[in-house]
Amino acid sequence: MMKKLVAVTSCPTGIAHTYMAAEALEKSAGEKGVPIKVETRGSIGVENELSAQDIAEAHAVILAADTQVPEERFAGKPVIKVAVGEAIKNAGDLIEQALQQESPVGATDFIRQVQQEKSRRSAESAGFYKHLMTGVSYMIPLVVAGGIIIALSFVFGINAFKQQGTLAANLMNIGGGAAFALMVPVLAGFIAFSIADRPGLVPGLVGGMLASQMGAGFLGGILAGFLAGYVARALRDYIKLPAGLDGLKPVLIIPLLSTLIVGLLMVYVIGVPIKELMDGLKNWLTGMSTGSAVILGLILGAMMALDMGGPVNKTAYTFAVGLLGSNVFGPMAAVMAAGMTPPLGLALATILAPGKFSREEKEAGKAAAVLGISFITEGAIPFAAADPFRVIPSIMIGSAIAGALSMAFGATLRAPHGGIFVLAIPNAVGHLGLYILAIAIGTAVTALLVSIFKPKKQ
């Protein structure tokens, strides 16, 4: 059977070498009778984009790029990385090298299985969800780093940062004044980037910054990102210039017009109503009764376990992360507790009921425990895929209980990731002992339900 190849080319300016490399690879592959599809990432955006099916059918991947190219979608595939100039000069050698590649060793182990499932979900996502999750994925490292640095400032006392010039004050400025200040602009910028590629980035960042300055929060950032993306894409597609002036579109015309349109709409039309909506949401969350808090925790917890890193899980997580910028910390605690519970509960189930799991599943349970304590809910995916009708209801109930208890106990969390590793930071978690109890009870419930529902191995 003929081996197929895929490639990505990208140069810093995205004008000449990107397309020269693509042409050289296509020409060399054609001379050898090798099917190849080349994705170009130029100044005008991604063209001839590789689909999940293209990547699945490929024997190997050639990355000829001098810029950062998303590589998660190529998990499990042999990848050759070279400078874009190398593809122009030695395309034939690269084709031969790619054809001789072998699949990475250990592609079926548990951790790689989890990584491949995450990559598959990312590649298959489309439309609104894809664009939103692109923005969220770029925002999360900022929020995680900022949240943990803010939590570190509390090591010196919960109000120590108020004394100017101290280490606590500087840590708060780094985490809150810098990292958190970039949260909404980056969210909006990369939502727009997902829609319109490079032309969307500038209006998205500016729209997100305006949303942040106006107090419209993450909801304003989401709206600004989608607005910027579609405005930039429309300008890119409908503005036609002579060939000699076409290079002005991505560096002057589209950034200027799209930023102007998005900025004026944010200031005069969108910003104020979204700010009022955010203020109402914040007031409702901070004034919730215990009963309402428990119900919210139940819902968020069940959402975290339903698809274990999929759209529903990410929706709950994004909701909680967005509220951190408004100083609402309870939902974040509930979400992390509920996200840790599924893999931890399944790992415990392999110990409590070893006769109901295969030897491979019991070994996988050890890896699932590591993923669980690290707040990687996807560690439950292989178990759920093997027995969805028993496992998924069990983990949803356990996570819902963990989330509800976290909210009922008044637990708060200022760092949006890190699992048990952030629990050791003084004052990072409110009501720490009760929070650990909520996670432990959710884990135990999950393990008991799985142990009851699953049949014994023959």
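Any read-out appearing in this document is the output of simple, stated calculations on the displayed coordinates, not a laboratory observation. Here the structure is a predicted model, which is why all the values come from computation and not from measurement. Quick reminder, even Gly has a Cβ in these numbers, built from the backbone with ideal geometry, and neighbours come from all protein chains shown.
Computed values, structure above
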item: Within straight-line cross-link reach of residue 77, aspartates and glutamates at Cα separation under 14 Å, skipping those fewer than 8 residues along the same chain; result: 54, 57, 102, 117
item: Segment 290-453: Cα Rg divided by the 2.2 N^0.38 Å rule of thumb; result: 0.95
item: Ranking of 432, 205 by count of other Cβ atoms within 10 Å, fewest first; result: 432, 205
item: Likely footprinting exposure, 17, 131, fewest C-beta neighbours within 10 Å first; result: 17, 131
item: Sites residue 158 and residue 57, calculated FRET efficiency, Cβ-Cβ separation with R0 56 Å, nearest 0.05; result: 0.50
item: Mean separation of Cα contacts under 8 Å (6+ apart) over length of the chain, as relative contact order %; result: 13
item: Centroid-to-centroid separation of segment 433-458 and segment 366-425 [C-alpha atoms, Å]; result: 11
item: Cα centroid separation, segment 40-59 to segment 266-338 (Å); result: 35
item: Kyte-Doolittle mean at least -0.5 and Cα axial length at least 15 Å: DSSP H helices in the chain; result: 127-153, 183-196, 198-214, 217-238, 254-265, 271-286, 290-306, 311-324, 330-352, 359-373, 388-408, 432-453
item: Helix-only CD estimate at 222 nm, as mean residue ellipticity for the chain, using -39500 (n - 2.57) per DSSP H run (n ≥ 4); result: -20500 deg cm²/dmol
item: Rounded if a/c under 1.5, otherwise prolate or oblate - the chain, Cα gyration tensor axes; result: oblate
item: Qualifying lysines (Cα of each under 17 Å from Cα of residue 162; at least 8 residues distant if same chain); result: none
item: Burial ordering of 259, 412, fewest other beta-carbon atoms within 10 Å first; result: 259, 412
item: Most to least packed among 379-392, 222-235 [average Cβ atoms within 10 Å]; result: 222-235, 379-392
